[in-house]
Each structure stands twice: as C-alpha cells, then as structure tokens.
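Worksheet: the structure to be examined is printed underneath.
The values are calculated or read from the model by the stated rules, or taken from the named source; none is laboratory data. This is a predicted model, so every value here is computed, not measured. In this analysis, Cβ positions are derived from the backbone assuming ideal geometry, glycine residues included, and neighbour counts consider all displayed protein chains. Protein only, heavy atoms only, side chains kept; ligands, DNA and RNA dropped before computing areas. Shrake-Rupley method; radii C 1.70, N 1.55, O 1.52, S 1.80 Å.
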Amino acid sequence: MSSYSFDYLDHLESEAIHIMREVAGQFERPALLFSGGKDSICLVHLALKAFRPGKFPFPLVHIDTGHNFPEALAYRDALAEKIGERLIVRQVADTIQRQQLTEPKGKFASRNALQTYTLLETIEEFEFDCCIGGARRDEEKARAKERVFSVRNEFGEWDPKQQRPELWSTYNGRISKGENVRAFPISNWTELDVWNYIRREGIELPSIYFAHDREVLVHDDQLIAVSDFIQIEAGDVVAVKKVRYRTVGDMTCTAAVESHAATLDEVVNEIIATRISERGETRIDDRVTEAAMEDRKKNGYF
C-alpha cells in the first residue's frame, strides 16, 4: 500500500494552484500583485509550482506608495530577478501629481487609500482583466465577505451584494468590457496556514518578519517604526525595542509587535498563542471607521 499522505497544507496548496490555473485559462491579461509581503511571496511560490518550467502567464505588479519598508522592496526586486519574471512598478506619487490628488496630512499620513487610483490607472494602462492578490478571509470581516473571483465594475468598484456563487470550486470569470476580476488563491488560508506553509516549503522572507531591534514610536497600544513619513512631536515616546512584523504594509500605517521570535518555529508558536488577527493588532488604517476596509474596497481598493 502507498504511504503517501495528503495533509491540509497539500489541500490548500492544490486549491490555490487550481485557482491560479483557472485565472490563466479564463483571462487574457492577468497580473499578480506582488509587494514583497509574506502572502504575495507565497503566491509567487505557488505560481512557480503551477507554471514551471514555463514562464508565468502574467507579470508581477507592485503599486508602490513610496512609504514601503526598505526590506520589503529589496526582497521584491531580488526575487523578481532571481526567478526571471517581469516586474511592473507604478508609483502612487506619480498619480498624486498627475491627478492632482490631495495627499493626507497628520501624524500618520498614509497613502494607502490613494493606492486605489494608481491601481486603477495601472489596470487601464495594461488592460489587465484579472489581478491576483494575497488577501485572506481571516484577515478582516470585509475580506471574509468576498468571493475567490471578485468581480469589479468598469470603475473598479466592488458591490458586496452582487457576488457570484462558487459552488463546487467552480469559478465564473465572465466579465463585460471594462470590468475586471480580483482573484484570491489563498482566500481560505489563515495566518497560521501561511506560516506553516512557509516553514514546510523553506520559503525565504524579508528579515522584517523576524525579531530585530528597531527604533519605534510608542503610540497608544502600538509600535510605529520611526521614519521620515511620520511626525515626531514633543512628548512622544521613542524607544528601541525588539520587534517583528506580522503583516507588512506602509511604514505609516503598519505597527510592529514586541517579539523575540527569530526563527520560523518561534513565529509559528507565537501565532498559535495569539487571539488577535494580524490586521486587528497592527493596521492603523483599519481603525479609521468600523467599515474602513469595506469602504476602501467599494471604491476600488484591492
């Protein structure tokens, strides 16, 4: 008898590869959004399994706010060069100037919401009909509502009341001219699944995901990296702490967590013990309103 066992990570991997191949089969001009964060790194790893020894049937695309962590950007460029795939980078700063957008002000002035404009410009520029992303349902309640194939109208808007059934893993990518789809191959994964998969596959990550000493601003219950993009005021508490990042967004809206987890095993053990989601614990932009993420998604955010 065969001794082969098919565990839950094999199931998640198989499902994600199937979704990627569905995207390649159903769409003419797809793209994979790649930021150098752990979820999009997993997507690239899955794409290698889905399409090698051939080339990817889509380019890698990053919408760069200009406020990213240097570690993530360095990793992004190094990985794209290593695997020999095309990387398209578009800058939010260029969109701000071109469309004369009003840049947010304040202590943690984030360009996160302005990414939408650059993403929609990029979709129009390259006529992408599907964008693959690493969003997961466990991250945030608006993302929990979204289908694996999420249809957006000609303005890039998402309507949570107009979603297609996905019975028996059947994905409907039919769209009219001007519409596009956002596809989420790891939608059914959890943060712990991602880390267990990274550990099993031996995937390299940016150093920012592991414990390191960093100068941070202690603000309320969060630790914000000191950078040129935030305002340090008199009375602010700045300290050097040993931290790591659970999720990597902009330096202006992503907080670190205190941690001594320097290895994959230690990170996994920390995640097993936590009772707060990664975005709930570390993303300032999700705290603006109760429905902050859903509002952004309705306007075209990924």
Going through the stretch 198-233 one residue at a time, which ones are part of a loop (DSSP other than H, G, I, E, B) and under 23 Å from VAL267 (Cβ atoms)? GLY202, ILE203, GLU204, LEU205, PRO206, PHE210, ALA211, ASP221
Residue that is nearest to the chain's Cα centre (by Cα), among those in the stretch 164-183 that are surrounded by 12 or more Cβ atoms within 10 Å (Cβ to Cβ) and of a type in the set (Val, Ile, Thr): VAL181
Criterion (under 22 Å from the mean Cα position of the chain (by Cα), at pLDDT below 90 and either of a type in the set (S, T, N, Q) or open to solvent by 20 Å² or more (accessible area, probe 1.4 Å) (or both)) met by exactly one of ARG283, ARG279, ARG287, ARG200: ARG287
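So which strands (runs of 3 or more DSSP E) stay within the stretch 1-115 end to end and still have 1 or more residues that are buried (at least 16 other Cβ atoms within 10 Å of the Cβ), out of contact with any Phe, Trp or Tyr (no Cβ under 6 Å at 6 or more places or on another chain) and among the acidic types (Asp, Glu)? Don't jump to the end; show me each part of the working.
On the way: elements: 30-33, 60-64, 87-91.
Fully inside the stretch 1-115 and qualifying: 60-64.
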Quick one: what pairs do we get from the stretch 91-109, first residue under 19 Å from MET251 (Cβ atoms), second surrounded by 15 or more Cβ atoms within 10 Å (Cβ to Cβ) and of a type in the set (Lys, Arg), C-beta under 9 Å, 6+ apart or different chains? VAL92/ARG111; ALA93/ARG111; ILE96/ARG111; GLU103/ARG111; PRO104/ARG111
Within the stretch 119-134, how many residues turn out to be touching a helix residue (DSSP H, G or I) at 6+ places or on another chain (Cβ under 7 Å) and open to solvent by 10 Å² or more (accessible area, probe 1.4 Å)? 2
